[in-house]
């Protein structure tokens, strides 16, 4: 069951070709949605905390975290060390141009 | 531990800014360090409640978003403007009220995420107990981001059919974003309605706690945003309701 949930989460993230914003989280299925809500609110968190919230293995959680780093929702924190990776949830868009927020927000809520 | 609280409503005119200003004043009166951010860039107004004149605004939120200043440089200490006995401190990050600057930000836009990064920075830099985000009405990327990082969300509505419908969407989104504390505030309730009936109806409709039901107040209308109501009228039924809301935010 856990493997199925992991594959679903992986697929949902891999399908995203653009940056993922915190508000995009409402579109994801569980347990990814709740885990992301939790860590985004924390701001700074460890891979261990992320994995515990997801209830996936550490390797699985790392795989998801790597995609989230690539999609600019997470950034690897300078506090990371050999034993633990720390992340910071990113709210600002370094790769998105300065522009008025798009009006497609309602699609996310439907 | 610091708390970020968003005050939101689906529609305009529900009393967000007044409520935000009063929450700030009541928290600070009890000794807290509080900062209020006016994120209603299109139609800023909460600075009026804090008697912060345009000439006193050294920097605004707009300046931060344009990279002209740090977020803490845009924070003005308005504690002395509130009146009453304030043991803590209140800061305000106002949005610019200059027409040209409002027009510019609407035309050019801004990085919504930068706004939220600023929230986290200012909590650290000013060593805040509470950051209150006075959001603009309705759901869009900005308000969703504010809700996503908030520890508590106060949703304000009036006992009005338009408010009831739209609020359902907001509550649904807030639950999807797992806001740790969701409180409803029913405002401007006419005397003809029984407050407990209103409370029951709202709680049953949305499955969320009603922190307070505030009666329509002629005193509030007469004050007309010229000051902080709970400081001017400490014994009013409205102030009692606001204190109840503040107590629930502190828990």
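The values are calculated or read from the model by the stated rules, or taken from the named source; none is laboratory data. It should be emphasised that the depicted structure is a prediction, and the values quoted were computed from it without experimental measurement. Glycine gets a Cβ as well: all are built from the backbone with ideal geometry, and neighbour counts include every protein chain shown.
Name the single residue that is surrounded by the most Cβ atoms within 10 Å (Cβ to Cβ) among those in segment B:148-168 being at pLDDT 90 or above and at the interface with chain A (Cβ under 9 Å from one of its Cβ atoms).
Result: B:150.
Given the structure, is residue A:35 at pLDDT below 90 and either closer than 19 Å to residue B:176 by Cβ or within 14 Å of chain B (Cβ to nearest Cβ) (or both)?
No: the conditions fail for residue A:35.
With the requirement that a residue be modelled with pLDDT under 95 and surrounded by fewer than 16 Cβ atoms within 10 Å (Cβ to Cβ), what does segment B:208-224 give you?
Listed by number, the residues that qualify are B:218, B:219, B:221, B:222, B:224.
What is the one condition in (1) surrounded by fewer than 16 Cβ atoms within 10 Å (Cβ to Cβ); (2) in contact with a helix residue (DSSP H, G or I) (Cβ under 9 Å, 6 or more places away or on another chain) that residue B:101 does not satisfy?
Every listed condition holds for residue B:101 apart from (1).
If you take the residues of segment B:149-171 that are part of a helix (DSSP H, G or I) and in contact with a helix residue (DSSP H, G or I) (Cβ under 8 Å, 6 or more places away or on another chain), which of them is farthest from residue B:4 (Cα to Cα)?
Going through the qualifying residues, I end up with B:164.
Working carefully through the options B:92, B:106, B:115, B:131, find the one that is surrounded by 20 or more Cβ atoms within 10 Å (Cβ to Cβ) and modelled with pLDDT under 95.
B:115
Taking the options B:139, B:114, B:131, B:27, name whichever one is more than 14 Å from chain A (Cβ to nearest Cβ), touching a helix residue (DSSP H, G or I) at 6+ places or on another chain (Cβ under 9 Å) and either under 26 Å from residue B:155 (Cβ atoms) or part of a loop (DSSP other than H, G, I, E, B) (or both).
Unique residue meeting the criteria: B:27.
Output the residues belonging to segment B:205-248 that are in a helix (DSSP H, G or I) and touching a strand residue (DSSP E or B) at 6+ places or on another chain (Cβ under 6 Å).
B:237, B:238, B:241, B:244, B:245, B:248
Among the residues of segment B:40-81, how many are part of a loop (DSSP other than H, G, I, E, B), in contact (Cβ under 8 Å) with a residue 12 or more places away in the chain and closer than 21 Å to residue B:225 by Cα?
13
So residue B:84 ticks every box in (1) surrounded by 17 or more Cβ atoms within 10 Å (Cβ to Cβ); (2) touching a residue at least 60 places away in the same chain (Cβ under 8 Å); (3) part of a loop (DSSP other than H, G, I, E, B) but one. Which box is left unticked?
So residue B:84 meets the others, but not (1).
Residues of segment A:2-22 being within 14 Å of another protein chain (Cβ to nearest Cβ), more than 11 Å from the chain's Cα centre (by Cα) and surrounded by 12 or more Cβ atoms within 10 Å (Cβ to Cβ), which ones?
none
Of all residues in segment B:172-203, which are assigned to a helix (DSSP H, G or I), within 14 Å of chain A (Cβ to nearest Cβ), over 19 Å from the mean Cα position of the chain (by Cα) and buried (at least 16 other Cβ atoms within 10 Å of the Cβ)?
If the condition is that a residue be assigned to a helix (DSSP H, G or I), within 14 Å of chain A (Cβ to nearest Cβ), over 19 Å from the mean Cα position of the chain (by Cα) and buried (at least 16 other Cβ atoms within 10 Å of the Cβ), then B:176 is the only one that fits.
Restricting to segment A:1-40, what's the tally of residues that are within 26 Å of residue B:119 (Cβ to Cβ) and without any contact (Cβ under 8 Å) to a residue 24 or more places away in the chain?
Of the residues in that region, 7 qualify.
Among the residues of segment A:39-56, write down those that are under 10 Å from the mean Cα position of the chain (by Cα) and modelled with pLDDT under 95.
Listed by number, the residues that qualify are A:39, A:40.
Within the bounds of segment B:32-41, is there any residue that is modelled with pLDDT of 95 or more and surrounded by fewer than 24 Cβ atoms within 10 Å (Cβ to Cβ)?
Yes, some residue in segment B:32-41 is modelled with pLDDT of 95 or more and surrounded by fewer than 24 Cβ atoms within 10 Å (Cβ to Cβ).
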